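Engineer: This is the structure I have questions about; it appears just below.
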Amino acid sequence: MIPELGHLALIIALCLAAAQSFFGLGGAQRGNLIWMNAVRPAAVGQSFFVMLAFGALAYAFLTNDFSVAYVAANSNIALPWVYKFTAVWGAHEGSLLLWVFVLAIWTVAVAHFSRHLPQDFSSRVLGVLGIISIGFLLFMLTTSDPFGRLLPPAAQGADLNPILQDPGMAIHPPMLYMGYVGMSVAFAFAVAALLSGRMDVMWARWSRPWTLVAWLFLTCGITFGSWWSYYVLGWGGFWFWDPVENASFMPWLVATALVHSLAVTEKRGAFKSWTALLAIAAFSLSLLGTFLVRSGILISVHAFASDPRRGIFILAMLGVFVGVALFLYAWRAPTFSQRGGGFKIFSRETFLLLNNVFLVVAAAAVLLGTLYPLVLGALKIGQISVGPPYFDHIFVPLMLPFFVLIGIGPYVRWKHGSVTEVLSKLRIPAALALWAGVVMIVLLRAEVSFIATAGVLLAAWTIFSALQEPLQRLWQRLHHRHVSLPRSVFGMSIAHLGAGLMILGVTVNTMLGITIDRVMKPGSSVAVHGYQFTFQGVHAVSGPNYRAVQGAFAVTRAGKKVALIYPEKRQFRHDVTTTNAAIAAGPFRDLYVALGNPLGQDSWSVRIEYKPLVRFIWLGGLTMMLGGFIATLDKRYRQVRVPATVDVSAPPKDADTDLAKAPER
Amino acid sequence: MRRRLFFILPMLVLLALMGFFWRGLYLNPTIVSSPLIGKPVPDFSLSRLHNPKATFDQNQLKGQISLVNVWATWCVACRDEQQTLLAFSQQKVVPIYGFDYKDDRQSALQWLAERGNPYAAVAFDPIGNVAINWGVYGAPETFLIDAHGIIRFKYIGPITPKVIRTDFLPRIQALRREGT
């Protein structure tokens, strides 16, 4: 009964989504107030029914309703209840429902927080969101119904893919989807601006907080995914350039570019059509990510759906959404005023433009590497796969200049910067960064490469230059001078600090990490970087739905006990095994032990890794996220009402977000 | 006008990408050309599953046409192809050698005892380091080896009677005609 209600709720949601987009887009076009007044109720109603459907599926999982095919395929009586709930998005149909569910959350948020916008504009935004919702609801109802019945019902269900039975499953997909789907809001704002011809400073200001929030969720999702694959997949790395990881990384790169380009549009009225294009691109790449993962077009560890009908539907949806948006863009964007005020070569605008160039080129390189095998296949040249060496070769040279610029950009004035002023402001961070580089070369001498030195030096440069501004203003405040630090500036500093921490972690871990594969017997021990790992043998343990062999390793350093860790090899139903590595974590290093295979006579193959600063990678990601969060709290996003018409070309007067305008010391 | 062209560009890029995706949807992911085809089997030496003291190496695969089937007890699809392989081994067309990949000896032996053993001999690669040289990236995979020990064909995915009929038998007959 409940599953049928869920199915019915999806159909009602589809009808309401149709009403939402019809009244939204049609009402705004015709200036019909009654229609426009109907948009919010339709949007909220649509969202309500989507959430109801989600609840119905969750209910079916929690009550072990194995007469629902999707539940029978992805759950099991023995599964702990948390994983029964997360199994809702454990496979294709449910993750689509999660997509729509997240879109419903965003829609309600937009409906609520867009009341101060001109009504025709907010109607268009909600109308575009409605169309996206229609696309996904139709997709579910025609090709991937999560509520399909199974007759006769299964006795106990197949089980959730063991790799997904992990607390990470409760956080990583929802966060990632919040980010992906959040891009649809930025997209809706851009399309509404193109439709209304209102591509101006106010548009940039309205869409900026939304984009920031979506960006911070995406950052969180990717960071979390990286951490999850590190400890659960037993691969010991933090990033694999897997097509599905790339699918989330491309929208992130473009969204990062968008966040920066929106700043220029808001402050200076420049880069308008470029910003709109980035907003469309960020959403397209999110859709592309869905397409790549859900169509099975790329074979990877993640892709578990492979049904050409679904692929065709997503492809058509991608074509319609993005095609129409780009058509609008080609039609409307050239007519918009490009007057944004000129700027000199050495100005904030130039630095942000370079930021965009590097990020977009990086995204294009990742796109090329991800799609190259596919394109070759389509041209019948043969099928190949592109591995991490390609990405490393492309990415490292792109990021080196990028991280030089990230330290300078925030200190350059808008429009016309002064080289001497910037040099004098940045001498302390530059000196500290050089010092860090020299210390590293002296400490490690022969072992360091050019890239490694450059990486550490740039990380230090990024960290110190990001810290300089907030610390300096704090210092001034302590001395009772009145200085303000707007939250958007503070947030930016924190986000850049996060980027620096991440680069530091990546460089040091890649450069100084040690991996040893050994055959070990109980009692034998291995020394890695001063740590003594002693294998104490294995014993059997059992979990709620698996049996496992658990190894015990004592780690000591200079005779002192550091940790006792227990890597496992878990055996699930259907002979699926997972390798659960054991990690002795520390702020400055992780010690990682994974149990390989039994080799007879009590000996096991064992992988031991020493990973310096690996935590900094995720700490950096979280710090970036925190920076984004602080920036969204900025005062100017909280104004209640704006004038209905705004002078298009005038930059806002309260532009106090410049570091360059900070009082001189 | 040139300015306008610039704004149309993104749409053209999208159209080109869509074309590639459309083609991509209809490609068969199981046909991945292996760089090893036409090359001799890489040198290796593994212990045999049933007798850990005996070795299995590339010389075993010379002298007659044979199949090498990569399998493991953790591989669900391997279970599906088991019956087909058993039936095919009973026809005695060519010997089938097993290549037990990243597996546990005890469960592998039990699996063969319970489900029947289609293999003339089984090489045991518990860590998978020989499989890397063979270009194996999953199970099941099946290689067709000619009498000189040269890899002639590789099939990815479970073997079905149809695959035997359409992919393997014609190639085996062609190799016989070549006189190898």
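Engineer: In the range A:311-323, which residues are touching a residue at least 60 places away in the same chain (Cβ under 8 Å) and at the interface with chain B (Cβ under 10 Å from one of its Cβ atoms)?
Structural biologist: A:I314
Engineer: Quickly run through the range A:578-597 and pick out the residues that are more than 30 Å from A:G498 (Cα to Cα) and either touching a residue at least 24 places away in the same chain (Cβ under 8 Å) or hydrophobic (A, V, I, L, M, F, W, C) (or both).
Structural biologist: A:T578, A:T579, A:L595, A:G596, listed by residue number.
Engineer: Of the residues in the range A:550-600, how many are over 28 Å from A:D159 (Cβ atoms) and not small (G, A, S)?
Structural biologist: Number satisfying all stated conditions: 14.
Engineer: Considering only the range A:462-501, state which residues are part of a helix (DSSP H, G or I) and among the charged types (D, E, K, R).
Structural biologist: A:E469, A:R473, A:R477, A:R487
Engineer: Then there is this: For the range A:487-531, which positions are at pLDDT below 85 and over 18 Å from A:Y592 (Cβ atoms)?
Structural biologist: None; the set is empty.
Engineer: In the range B:101-135, which residues are touching a Ser or Thr at 6+ places or on another chain (Cβ under 8 Å) and of a type in the set (D, E)?
Structural biologist: Within the range B:101-135, B:D103, B:D104 meet the criteria.
Engineer: Just to be sure before I move on: is A:L160 touching a helix residue (DSSP H, G or I) at 6+ places or on another chain (Cβ under 8 Å), under 27 Å from A:Y231 (Cβ atoms) and assigned to a loop (DSSP other than H, G, I, E, B) in the structure I sent?
Structural biologist: yes
Engineer: Does the range B:131-154 hold any residues that are outside any loop (DSSP other than H, G, I, E, B), surrounded by fewer than 21 Cβ atoms within 10 Å (Cβ to Cβ), out of contact with any Lys or Arg (no Cβ under 6 Å at 6 or more places or on another chain) and not charged (D, E, K, R), and which are they?
Structural biologist: Across the range B:131-154, the qualifying residues are B:I132, B:N133, B:I150.
Engineer: Pick out the one residue from A:F313, A:F291, A:F327 that is at pLDDT 75 or above, under 15 Å from B:W22 (Cβ atoms) and either surrounded by fewer than 18 Cβ atoms within 10 Å (Cβ to Cβ) or out of contact with any strand residue (DSSP E or B) (no Cβ under 7 Å at 6 or more places or on another chain) (or both).
Structural biologist: It is A:F313.
Engineer: Does the range A:146-179 hold any residues that are farther than 22 Å from A:G6 by Cβ and surrounded by fewer than 16 Cβ atoms within 10 Å (Cβ to Cβ), and which are they?
Structural biologist: A:A155, A:P167
Engineer: Quick one: which residue in A:A193, A:A186, A:A247 is assigned to a helix (DSSP H, G or I), closer than 30 Å to A:N509 by Cα and modelled with pLDDT of 80 or more?
Structural biologist: A:A247
Engineer: Now a separate question. Looking at A:G513, A:G537, A:G530, A:G523, can you tell me which residue is under 30 Å from A:L458 (Cβ atoms) and over 35 Å from the mean Cα position of the chain (by Cα)?
Structural biologist: Exactly one residue qualifies, and that residue is A:G530.
Engineer: Can I ask one more? Within the range A:29-36, is there a residue that is on the phi > 0 side of the Ramachandran plot and either out of contact with any Phe, Trp or Tyr (no Cβ under 8 Å at 6 or more places or on another chain) or surrounded by fewer than 22 Cβ atoms within 10 Å (Cβ to Cβ) (or both)?
Structural biologist: Among the residues of the range A:29-36, at least one is on the phi > 0 side of the Ramachandran plot and either out of contact with any Phe, Trp or Tyr (no Cβ under 8 Å at 6 or more places or on another chain) or surrounded by fewer than 22 Cβ atoms within 10 Å (Cβ to Cβ) (or both), which makes the answer yes.
Engineer: Any chance you could count how many residues in the range A:516-541 are in contact with a Phe, Trp or Tyr (Cβ under 8 Å, 6 or more places away or on another chain) and either touching a residue at least 24 places away in the same chain (Cβ under 8 Å) or among the aromatic types (F, W, Y) (or both)?
Structural biologist: 11
Engineer: Would you check which residues across the range A:94-123 are aliphatic (A, V, I, L, M) and part of a helix (DSSP H, G or I) and list them?
Structural biologist: Within the range A:94-123, A:L96, A:L97, A:L98, A:V100, A:V102, A:L103, A:A104, A:I105, A:V108, A:A109, A:V110, A:A111 meet the criteria.
Engineer: Mind checking which residues of the range A:56-68 are touching a residue at least 24 places away in the same chain (Cβ under 8 Å) and part of a helix (DSSP H, G or I)?
Structural biologist: A:A56, A:L57, A:A58, A:Y59, A:A60, A:F61 - these are the residues of the range A:56-68 that are touching a residue at least 24 places away in the same chain (Cβ under 8 Å) and part of a helix (DSSP H, G or I).
Engineer: Then there is this: Considering only residues of the range A:600-618 that are outside any helix (DSSP H, G or I) and charged (D, E, K, R), which is nearest to the other protein chains (Cβ to nearest Cβ)?
Structural biologist: It comes out as A:R607.
Let's see how each residue does on (1) modelled with pLDDT of 95 or more; (2) among the polar types (S, T, N, Q):
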position: A:I34; (1), (2): no, no
position: A:A43; (1), (2): yes, no
position: A:F54; (1), (2): yes, no
position: A:N64; (1), (2): no, yes
position: A:A69; (1), (2): no, no
position: A:A72; (1), (2): no, no
position: A:I77; (1), (2): no, no
position: A:P80; (1), (2): no, no
position: A:F85; (1), (2): no, no
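Engineer: Would you mind telling me which numbered condition in (1) farther than 28 Å from B:S107 by Cα; (2) surrounded by fewer than 18 Cβ atoms within 10 Å (Cβ to Cβ); (3) touching a residue at least 24 places away in the same chain (Cβ under 8 Å) A:P544 fails?
Structural biologist: With respect to (1) farther than 28 Å from B:S107 by Cα; (2) surrounded by fewer than 18 Cβ atoms within 10 Å (Cβ to Cβ); (3) touching a residue at least 24 places away in the same chain (Cβ under 8 Å), A:P544 is out only on (1).
Engineer: Quick check: anything in the range A:561-583 in a loop (DSSP other than H, G, I, E, B), hydrophobic (A, V, I, L, M, F, W, C), under 30 Å from the mean Cα position of the chain (by Cα) and within 26 Å of B:G128 (Cα to Cα)?
Structural biologist: yes
The values are calculated or read from the model by the stated rules, or taken from the named source; none is laboratory data. Everything numeric in this text was worked out from a predicted model, so none of it was measured. Using ideal geometry, Cβ is built from the backbone for each residue, glycine included, and neighbour counts are taken over all protein chains shown.
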